[in-house]
Amino acid sequence: MQDVTTLSFMSLAARYGGPDVFWTEYFRVHGASRPEKWILDSIRLNPTPIPVVAQVIGNDIPALVRTVRELQRHPVAAIDLNLGCPAPVVYRKCAGGGLLRQPERVDAILGALRDAVQIPFTVKTRLGFEDVGEFDRLLEVFARHPIDLLTIHARTVLQMYRPGVRYDFIKRAVQCLKCPVLANGNIFSPAQARQVLMQTESRGLMIGRGIIRNPWLFDQIRASQAGKPGPTPSGRDVLAYIRALWEAEITPGIRESAQVQRMKKFINFIGEGVGGAFLHEIRRTDTEAGFWSICKEWLDHDRFMPLEPISTGLPGVVSPPA
Ligand SMILES: Cc1cc2nc3c(=O)[nH]c(=O)nc-3n(C[C@H](O)[C@H](O)[C@H](O)COP(=O)(O)O)c2cc1C
């Protein structure tokens with residue numbers, strides 16, 4: 001995830017169990033691009049035993065081929081092509097999710113990258129640009145190339161993150177592709193993980209926002225799949241996680257308000273699992289003392305925190321925990 005799955009965040013996530021595989025945020029590829037140093041660092045300096053897949057985004061075939069050749073000189077488990085980014089600044093340039101409007105172009109890119117990638121080559125997609133009806137054509141394109149894994153975020157690009165994840169389309173991909181498929185989208189708890197695995201019959205799951213909110217999630221899912229009890233973090237455990245994030249994300253010499261601002265990137269997700277006025281209060285502070293006072297007020301307790309989004313459906317308003 002952009003600006004989230006940095007080397008420091010990956011290292012921290014691994015301390016809580018972590019995923020089986022990490023994906024980097026995407027390397028932006030164009031005619032004059034060079035792989036971004038900080039993303040390369042998340043590969044080269046990975047202190048964990050967890051393999052890392054390098055993700056690229058772009059539509060310039062010679063530049064993509066040059067970049068994936070270079071990335072393969074680093075310890076990457078696979079190269080992944082992003083066909084899902086919904087940011088207008090990206091899709092308007094016909095990269096990421098924007099490419100889903102042009103299946104022939106996707107076809108050409110997959111052909112060139114498959115030839116250039118000597119290690120596993122994987123793809124991350126959405127169901128289409130504006131309509132799930134586009135998915136069948138995309139599946140035909142994916143089936144033409146011996147890709148090693150397809151991850152499906154089961155929404156369209158224009159849907160962004162809105163409700164209505166179509167896991168039924170993931171099952172369709174599982175049934176008609178030879179490669180393994182990972183299901184992605186709104187998996188926030190071991191129960192949801194079990195349900196999505198059952199419904200889609202996918203080989204596994206990719207989890208994004210859930211791990212920011214709940215770093216215990218991967219261990220909770222592994223335990224649940226093994227029929228064992230998993231970690232049950234308390235408010236104080238969440239407080240300790242936020243402290244560890246602060247330490248991991250601190251930039252020496254940075255202004256106090258900028259550090260608090262950086263933390264809000266993560267707290268925006270964590271706060272959805274805390275409920276009440278926690279997020280409302282955090283968003284209004286820009287001092288370190290204010291930040292910790294609010295965190296303590298809401299989290300200095302021993303009660304279990306499921307850390308799933310607690311939403312009333314109203315923007316910015318969340319229900320108090322039960
Ligand atoms: C802050 C943020 C940054 C993201 N950056 C990327 C990215 O660089 N590459 C990518 O494939 N997906 C990216 N995503 C999308 C997630 O990988 C995932 O597909 C999406 O959030 C849905 O899964 P989730 O419900 O588990 O979060 C990003 C998501 C968020 C919230």
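The values are calculated or read from the model by the stated rules, or taken from the named source; none is laboratory data. Just so we're clear, the structure is a prediction, and the values are computed from it rather than from any experiment. Counting neighbours? That spans all protein chains shown, and the Cβs are built from the backbone with ideal geometry, glycine included.
Taking segment 36-54 on its own, how many of its residues are part of a loop (DSSP other than H, G, I, E, B) and either surrounded by 19 or more Cβ atoms within 10 Å (Cβ to Cβ) or within 11 Å of the ligand (Cβ to nearest atom) (or both)?
So the answer is 1.
Tell me which residues, restricted to segment 74-96, are more than 19 Å from Val53 (Cβ to Cβ) and small (Gly, Ala, Ser).
Selection gives Ala87 alone.
Residues being in contact with a strand residue (DSSP E or B) (Cβ under 7 Å, 6 or more places away or on another chain) and within 15 Å of the ligand (Cβ to nearest atom): count how many of those fall in segment 209-233.
Number of matching residues: 0.
Quick one: which of Val157, Val165 is within 15 Å of the ligand (Cβ to nearest atom), part of a loop (DSSP other than H, G, I, E, B) and within 30 Å of Arg15 (Cβ to Cβ)?
Val165
If you go through segment 290-305 one residue at a time, do you hit one that is of a type in the set (Ser, Thr, Tyr) and modelled with pLDDT under 95?
No, segment 290-305 has no match at all.
Going residue by residue through segment 187-195, is there one that turns out to be in a loop (DSSP other than H, G, I, E, B) and touching a residue at least 60 places away in the same chain (Cβ under 8 Å)?
yes
With the requirement that a residue be within 15 Å of the ligand (Cβ to nearest atom) and over 14 Å from Pro86 (Cβ atoms), what does segment 122-146 give you?
Thr122, Val123
Taking the options Leu83, Leu110, Leu64, Leu138, name whichever one is within 21 Å of the chain's Cα centre (by Cα) and of a type in the set (A, V, I, L, M).
Leu83
Just for segment 1-24: of the residues that are within 13 Å of the ligand (Cβ to nearest atom), crowded, with 18+ Cβ neighbours inside 10 Å and assigned to a loop (DSSP other than H, G, I, E, B), which one is nearest to the chain's Cα centre (by Cα)?
For segment 1-24, the residue satisfying everything is Thr5.
Would you call Val89 at negative phi and surrounded by 16 or more Cβ atoms within 10 Å (Cβ to Cβ)?
no
Residue pairs, Cβ under 8 Å, 6 or more apart or interchain, first in segment 154-181 and surrounded by 12 or more Cβ atoms within 10 Å (Cβ to Cβ), second among the acidic types (Asp, Glu) and assigned to a loop (DSSP other than H, G, I, E, B). List them.
Within 8 Å, the pairs are Thr156/Glu130; Thr156/Asp131; Val157/Glu130; Leu158/Glu130; Lys171/Glu201; Val174/Glu201; Cys179/Asp148; Pro180/Asp148.
Kindly provide the set of residues from segment 55-69 that are away from the ligand (no atom under 11 Å from the Cβ) and either outside the structural domain of Gly96 (by TED's automatic domain parsing) or crowded, with 23+ Cβ neighbours inside 10 Å (or both), ordered by number.
Passing the criteria: Gly58, Leu64, Thr67, Val68.
Taking the residues in segment 187-200 that are surrounded by fewer than 20 Cβ atoms within 10 Å (Cβ to Cβ) and more than 17 Å from Thr232 (Cα to Cα) as candidates, determine which candidate is farthest from the ligand (Cβ to nearest atom).
Selected residue: Met198.
Restricting segment 25-35 to residues that are charged (D, E, K, R) and closer than 14 Å to Arg66 by Cα, which is farthest from the ligand (Cβ to nearest atom)?
Arg34
Failed condition for Thr285, given (1) closer than 17 Å to Arg303 by Cα; (2) at pLDDT 95 or above; (3) not in a helix (DSSP H, G or I), with all others met?
Going through (1) closer than 17 Å to Arg303 by Cα; (2) at pLDDT 95 or above; (3) not in a helix (DSSP H, G or I) one by one, Thr285 breaks only (1).
Looking at this structure, is Ile43 more than 26 Å from Leu239 (Cα to Cα) and in contact with a strand residue (DSSP E or B) (Cβ under 7 Å, 6 or more places away or on another chain)?
Against the criterion (more than 26 Å from Leu239 (Cα to Cα) and in contact with a strand residue (DSSP E or B) (Cβ under 7 Å, 6 or more places away or on another chain)), Ile43 qualifies.
Need the failing condition index for Ile254 against (1) free of Cβ contacts under 8 Å to residues at least 24 places away in the same chain; (2) within 16 Å of the ligand (Cβ to nearest atom), just the number.
(2)
List the residue pairs whose Cβ atoms are under 8 Å apart, where the first residue sits in segment 123-149 and is in a helix (DSSP H, G or I), the second is among the polar types (S, T, N, Q), and the two are 6 or more positions apart or on different chains.
Listed by first residue and then by second, the contacts come to Val132/Thr156; Glu134/Thr156; Leu138/Thr125; Phe142/Thr125.
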